[in-house]
Amino acid sequence: MTTENKLFSTMLSCMHEGVLVIDHHSRKVILHNRAFFEVWKIDRTTINESDDFALLGQVLEKLREPQSFIALVENLYMSPEKSSLDVVELKDGRFLERHSEPFRLDGEISGRIFFFRDVTEVTLANLKLSDQKAVLQTVLNTIPYSVFWKDLDLNYIGCNERFSRDCGRATEQIVGKCDFDMPWTNEESENYRAHDRKVIESGVPIYNVEESQVNSDGTHTTVLTSKVPLKNSAGEAVGLLGIYTDISEFRENQRLVKEHETMLVNAAQLSSLGEMAGGIAHEINNPLSIIKSSTRLFNKILTKDPIDKKMVKEVVDEIDETVDRIARIVVGLKNISRGAEVDKNECLLRDIVTDVLSVASERFRSKGIDIIKEIDDAALDAPLYANRIQLSQVLINLMNNAFDAVEVLDLHDKWIKLSIQQSEKQLHLSVEDCGFGIPEEIRDKMFNPFFTTKEIGKGTGLGLSISKSMIEKHGGKFSYDEKSAHTRFVIQLPKQD
Ligand SMILES: Nc1ncnc2c1ncn2[C@@H]1O[C@H](COP(=O)(O)OP(=O)(O)O)[C@@H](O)[C@H]1O
Ligand SMILES: [Mg+2]
């Protein structure tokens with residue numbers, strides 16, 4: 001054996017790859033190495049290694065699909081100049097990579113070398129990976145979000161079905177493209193890319209940013225977007241993942257709810273003013289009759305000679321004061337019945353209390369119900385940032401409830417008490433009446449909208465629920481005082497900072 005041949009056969013026997021060389025013309029095995037038997041797991045002791053037929057038989061027996069193996073080999077014989085590289089699956093669950101090259105002697109193709117390598121581990125890992133990818137893609141396609149991911153150049157590298165539907169094009173037409181190739185306006189693309197860059201450069205995700213898009217038909221779509229930087233296992237930025245969901249419908253519903261809420265508040269306002277209508281008539285009738293009797297008295301004075309100037313002055317003063325009282329009632333009524341305002345402003349409890357008492361007092365007086373005022377005068381001028389109409393509304397609701405409760409009581413001294421105090425940061429208001437508290441079974445339900453114990457046409461069941469929500473919208477608390485010996489509702493309002 002020459003040195004070269006020795007070297008060659010040593011190399012061949014040391015190789016981990018199985019080698020098999022077939023003669024092109026006779027199709028006989030010319031050469032094989034030790035690793036060939038190891039890779040194929042063929043027991044060398046049981047076969048005659050030079051029996052090609054026996055060797056091929058052993059190989060075919062181990063294959064999961066021998067037919068396609070033979071077909072490929074046949075194909076290679078037909079095109080002897082071709083190379084091939086593929087993976088074959090064995091019955092024992094392993095995978096072998098099969099690589100073949102023609103080999104030439106003096107420029108002529110004289111045979112074919114096959115290399116076999118066990119690639120089970122890598123193949124199984126790849127299969128597992130593609131299974132996981134399929135699961136991931138299914139998850140991505142199922143979630144109610146549009147998802148995309150981009151590389152560092154902000155080109156799309158993948159997306160889910162929902163995103164591709166949003167774009168109106170297939171995933172293959174998205175991958176590799178940038179925002180300027182997508183069906184959005186240049187301005188939108190610039191915006192998206194500016195956000196993307198910010199996320200990638202800072203490495204900080206952005207969550208739930210509301211973005212508005214104009215659709216081709218002129219309608220608006222509101223989406224909630226989150227963007228997260230993508231990093232490799234070394235922690236280096238490799239791109240970004242974006243996820244968004246269409247919240248147009250949700251926003252529209254919110255708008256409708258708000259609209260209905262405002263309508264409801266308006267309706268409740270009208271109804272509580274309606275509850276007071278009888279009282280308001282009193283408020284105005286009473287001073288009107290004072291004026292009427294003053295004018296009668298005036299006429300009488302005029303018949304006397306000389307005219308009693310002192311008496312004239314008294315009557316005129318009385319009329320003047322009464323007109324002022326009517327004017328105050330009208331102003332109060334006007335202030336309270338203004339359409340529901342949404343805004344808060346700087347205001348004073350003093351004005352609110354004046355409005356409410358000017359329209360409500362006479363009603364209580366006419367039924368012999370005393371209004372006790374336990375008011376810290378300084379609290380009336382405390383800085384307050386509030387919706388004046390809404391706060392008047394709350395007080396009117398409470399006073400109407402107190403009136404209804406007290407009116408039917410068989411007591412000699414009937415009263416309601418309006419108390420206004422302040423602490424460092426808060427204003428404390430309460431409306432108490434001489435009733436005996438509210439039974440527990442009603443207490444549990446009275447804050448529910450439409451809960452009423454009053455007869456049809458009298459109560460709407462909205463007073464307490466709307467009052468509570470109005471006070472809470474002011475950052476305050478509205479509650480029933482269970483400790484009071486009488487019936488007492490308490491309001492806490494934050495003062496303006
Ligand atoms: N001061 C009170 N005294 C006794 N019961 C009250 C008082 N305030 C409220 N309630 C009870 O709470 C219920 C709900 O009040 P509210 O929401 O104002 O609706 P409405 O006055 O239209 O019935 C009343 O029907 C009544 O049963
Ligand atoms: Mg009520």
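Values quoted throughout were computed directly from the atomic coordinates according to the rules given, and no laboratory measurement underlies them. Note that this is a predicted model, so its numbers are computed, not measured. As a convention, Cβ positions derive from the backbone with ideal geometry for all residues, glycine included, and neighbour counts pool all protein chains shown.
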_Highest average packing first - 390-402, 144-156, 357-369, 303-315, Cβ atoms within 10 Å_ = 390-402, 357-369, 144-156, 303-315
*Normalising by the residue count of region 1-51, find the relative contact order in percent from Cα pairs under 8 Å and 6+ residues apart.*
28
*Hey, what number do you get for the chain at 222 nm if only DSSP H runs of n ≥ 4 count, each worth -39500 (n - 2.57), divided across all residues, to the nearest 500?*
-15500 deg cm²/dmol
*State the answer as a single residue: which of Met263, Ala405, Leu462 lies farthest towards the positive end of the charge dipole of the chain, with beta carbon charges of +1 for Lys and Arg and -1 for Asp and Glu, about the Cα centre.*
Ala405
*Cβ-defined net charge surrounding Ile438, 11 Å radius [Lys, Arg +1; Asp, Glu -1]*: -3
*Taking only Cα atoms, what is the 0 to 90° angle, nearest 10, from helix 248-275's long axis to the longest principal axis of the chain?*
10
*Please tell me the relative contact order of the chain in percent, rounded to the nearest whole number, where contacts are Cα pairs under 8 Å and at least six residues apart.*
7
*Give a residue-ordered list of calculated ³J(HN,Hα) values for region 168-184 (Karplus: 6.51 cos²θ - 1.76 cosθ + 1.60, θ = phi - 60°; whole Hz; x for Gly, Pro).*
x, 8, 6, 3, 4, 7, 9, 4, x, 9, 10, 4, 5, 8, 8, x, 10
*Ranked from highest to lowest mean number of other Cβ atoms within 10 Å per residue, what is the order of the peptides 7-15, 344-352?*
344-352, 7-15
_Positive-end residue of Ala237, Phe451, Thr322, charge dipole of the chain with Cβ unit charges_ = Thr322
*Please list, or write none, the lysines whose alpha carbon is within less than 20 Å of the alpha carbon of Lys344, excluding same-chain residues fewer than 8 places away.*
Lys258, Lys334, Lys425, Lys468, Lys473, Lys477, Lys495
*For region 416-497, how big is the tail of P(r) above 18 Å, as a whole percent of Cα pairs?*
48
_Between 0 and 90 degrees, rounded to the nearest ten: what's the tilt of helix 277-303 against the longest Cα principal axis of the chain?_
30
*Just tell me which aspartates and glutamates come within less than 16 Å, Cα to Cα, of Lys150; anything on the same chain fewer than 8 places away is out.*
Glu161, Glu172, Asp179, Asp181, Glu190, Asp196, Glu201, Glu236
*With axes computed from alpha carbons, what is the tilt in degrees of helix 309-336 against the longest principal axis of the chain, rounded to the nearest 10 within 0 to 90?*
10
*Starting from region 24-126, pick out the trypsin sites (Lys or Arg not before Pro) whose DSSP state is loop and whose Cβ has at most 16 other Cβ atoms within 10 Å.*
Arg27, Lys28, Lys41, Arg64, Lys82, Lys91
*asked:* Can you tell me which aspartates and glutamates have their Cα less than 13 Å from the Cα of Lys292? Leave out same-chain residues fewer than eight positions away.
replied: Glu318, Asp320
*Cα gyration tensor shape of region 29-105, rounded if a/c is under 1.5, else prolate or oblate by comparing a/b with b/c*: oblate
